[in-house]
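The values are calculated or read from the model by the stated rules, or taken from the named source; none is laboratory data. Quick caveat, the model's predicted, so the values are computed rather than measured. As a convention, Cβ positions derive from the backbone with ideal geometry for all residues, glycine included, and neighbour counts pool all protein chains shown. Heads up: the accessible areas ignore ligands, DNA and RNA and are worked out on the full protein's heavy atoms, side chains in. Shrake-Rupley method; radii C 1.70, N 1.55, O 1.52, S 1.80 Å.
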Amino acid sequence: MYVCEGIIPEIKGGRIRLRRMEADDAEAMLHCWSDPKTSAFLDLPAMHSAEDAKALIHWLHLLAEQDEAIRWGIEVIDTGQLIGSCGFNIWQLEGAFKGEFGCELTSAYWGQGFMSEAAEMVAAFGYTSMGLNRIEAFVDPRNERACRWFTGIGYTREGLLRDYRHTPSGYVDAVVFSRLRKDWERPIERQEL
């Protein structure tokens, strides 16, 4: 059975590589996490400095060490630029074999297929290395772009969870998306959003 223990393996794709985020990445991740378009639907505290981003990176590492989450930085191979992050916010193997996918990308890189490539790499890791059968995603229904994107990369919209999360502005709903291993094994026609 998969155990993370804080080890975040590098995964190389065609245009990007997924890698462990380091303290030196704080400035790049501050740019991502504080981007108004990117952060509009993120459930993160406001980012005001690289120190805030460094603290979040450190917290993500602690979660990986405790086998509660795994998060990769998304780096463009040609430029070395870190443009976002993605991974599993939580997972449950025994009895469920499922994980919750989460991601964010600096808005300047939207619509270029980077997150679709990253999502496929994370899915492959989840289904093969972790032994997942189901990957879930929970999306604020007001985030229509993300809802279209998840459908476009092979996820099935399952329903709406009312008042699913409490945020500083109150309770918000969440649309549930899922992708099963058998869905991933079938080729789909993907759209870039």
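What the table shows:
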item	result
Of all residues making up region 118-135, the number that are in contact with a Lys or Arg (Cβ under 6 Å, 6 or more places away or on another chain) and either part of a helix (DSSP H, G or I) or open to solvent by 10 Å² or more (accessible area, probe 1.4 Å) (or both)	3
Helices (runs of 4 or more DSSP H) contained entirely in region 10-96, each with at least 2 residues that are modelled with pLDDT of 95 or more	26-33, 50-65
Unmet requirement for F97, which otherwise passes all of (1) surrounded by fewer than 16 Cβ atoms within 10 Å (Cβ to Cβ); (2) more than 21 Å from L18 (Cα to Cα)	(1)
Filter pass, L56 being under 30 Å from R142 (Cβ atoms) and in contact with a strand residue (DSSP E or B) (Cβ under 9 Å, 6 or more places away or on another chain)	no
Scope region 136-158; condition open to solvent by 30 Å² or more (accessible area, probe 1.4 Å) and either in a strand (DSSP E or B) or under 15 Å from Q92 (Cα atoms) (or both); matching residues	F138, T156, R157, E158
Residue ID - nearest to P36 (Cα to Cα), chosen from residues in region 159-185 that are surrounded by 14 or more Cβ atoms within 10 Å (Cβ to Cβ) and basic (K, R)	R179
Region 34-90: number of residues that are in contact (Cβ under 8 Å) with a residue 40 or more places away in the chain, over 24 Å from I11 (Cα atoms), open to solvent by less than 80 Å² (accessible area, probe 1.4 Å) and in contact with a Ser or Thr (Cβ under 7 Å, 6 or more places away or on another chain)	1
